[in-house]
Amino acid sequence: MSPQAIVDTSLEKGLSLIGITDHNATRQCAIVSEIAKEKGLSVLCGVELTTREEVHLLAWFESVEVASAFQGWIDIHLQKIPNNPEFFGYQVVVDRQEKVVYEEPYLLITALDTDIIETASAVHAFGGLVAAAHVDKRKNSLFSQLGVMPAHLVLDAVEASAPEHETLVRHYLGDYPAPIVCGSDAHDAKDIGRSFSCFHMETPTFHEVRLALASAGGRGVCL
């Protein structure tokens with residue numbers, strides 16, 4: 001999952017827009033975006049956040065700069081549990097030559113100290129988009145952890161792990177109006193593009209994605 005491998009594999013799979021959402025970290029977004037721009041691939045800079053309830057939320061931001069600024073918020077709320085590389089693996093940021101330029105000392109798969117409402121609100125305060133991740137899974141999903149849709153939770157989308165689960169996800173959602181998207185949740189390059197969404201919009205940009213999720217101006221999203 002080097003930056004170059006992510007970009008190359010995404011293009012091979014015919015994708016035109018990808019999201020970079022490492023666990024509780026945005027630090028690899030900049031170099032992936034830089035390489036992708038050279039190849040004509042659009043990137044949404046983001047992060048997969050783990051709330052205090054162990055719910056995974058996906059967040060995307062307008063630019064590398066905003067994503068980097070949000071990293072400061074993450075650093076404040078991430079529990080300071082030292083990573084054990086021999087057990088959990090190395091947590092590194094690499095440059096385009098795959099040289100390690102930073103190693104995260106604290107465990108990134110742990111939960112933040114903020115609940116789901118606080119976490120989603122923080123994303124929106126930075127102008128970001130937020131989605132409940134893989135809500136059809138039995139672990140770390142909104143419904144596996146909480147069982148119900150929390151009152152006052154504002155989401156821009158909910159994610160299904162596969163398009164054939166759309167009916168199940170809509171049953172979970174009930175009357176909640178968020179659109180459903182699919183993502184690959186790839187932790188290995190070969191899994192990039194195994195699930196995807198089709199966005200009907202003018203250009204593959206953050207602003208257009210926002211409009212598509214809101215079904216505004218003739219835009220939209222489907223599985």
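The set of residues in the stretch 194-217 being crowded, with 18+ Cβ neighbours inside 10 Å and in contact with a Ser or Thr (Cβ under 6 Å, 6 or more places away or on another chain) consists of 195 alone.
Of 218, 193, 183, which residue is at positive phi, of a type outside the set (D, E, K, R) and within 17 Å of the chain's Cα centre (by Cα)?
193
Considering the conditions (1) loosely packed, with under 15 Cβ neighbours inside 10 Å; (2) basic (Lys, Arg); (3) under 16 Å from the mean Cα position of the chain (by Cα), residue 137 is excluded by exactly one of them, (1).
Filter the stretch 175-211 for residues that are of a type in the set (Gly, Ala, Ser) and either part of a helix (DSSP H, G or I) or modelled with pLDDT under 90 (or both) and give the result. Hit for the stretch 175-211 is 189, nothing else. Look at (1) at pLDDT below 95; (2) out of contact with any Leu (no Cβ under 6 Å at 6 or more places or on another chain); (3) under 20 Å from residue 213 (Cα atoms); (4) of a type in the set (Gly, Ala, Ser) and you find that residue 147 fails only one, number (3).
Give the stretch 137-175 a look and list any residue that's touching a His at 6+ places or on another chain (Cβ under 8 Å) and within 17 Å of residue 222 (Cα to Cα), or say none.
Passing the criteria: 159, 160, 161.
Number of residues in the stretch 52-83 that are β-branched (Val, Ile, Thr) and closer than 22 Å to residue 186 by Cβ: the value is 3. For residue 169, the stated conditions hold: it is assigned to a helix (DSSP H, G or I) and either among the acidic types (Asp, Glu) or touching a strand residue (DSSP E or B) at 6+ places or on another chain (Cβ under 8 Å) (or both). Going through the stretch 122-142 one residue at a time, which ones are without any contact (Cβ under 8 Å) to a residue 60 or more places away in the chain and not in a loop (DSSP other than H, G, I, E, B)? Passing the criteria: 122, 124, 125.
Figure legend. Inter-residue proximity from the stretch 66-79: first residues more than 17 Å from residue 116 (Cβ to Cβ), second residues of a type in the set (Phe, Trp, Tyr), beta-carbon distance below 7 Å, spacing 6+ or different chains. Indicated pairs: 66/126; 67/61; 69/126. Under the condition of being buried (at least 16 other Cβ atoms within 10 Å of the Cβ) and either acidic (Asp, Glu) or more than 13 Å from residue 56 (Cβ to Cβ) (or both), the residues counted in the stretch 140-149 number 1. If you check 114, 119 for being over 17 Å from the mean Cα position of the chain (by Cα), in contact (Cβ under 8 Å) with a residue 60 or more places away in the chain and within 28 Å of residue 180 (Cα to Cα), only one passes: 114.
The values are calculated or read from the model by the stated rules, or taken from the named source; none is laboratory data. Nothing here was measured: the structure is a model prediction, and the numbers come from that model. Neighbour counts are summed over all protein chains in view; Cβ atoms, including those assigned to glycine, are modelled from backbone coordinates with ideal geometry.
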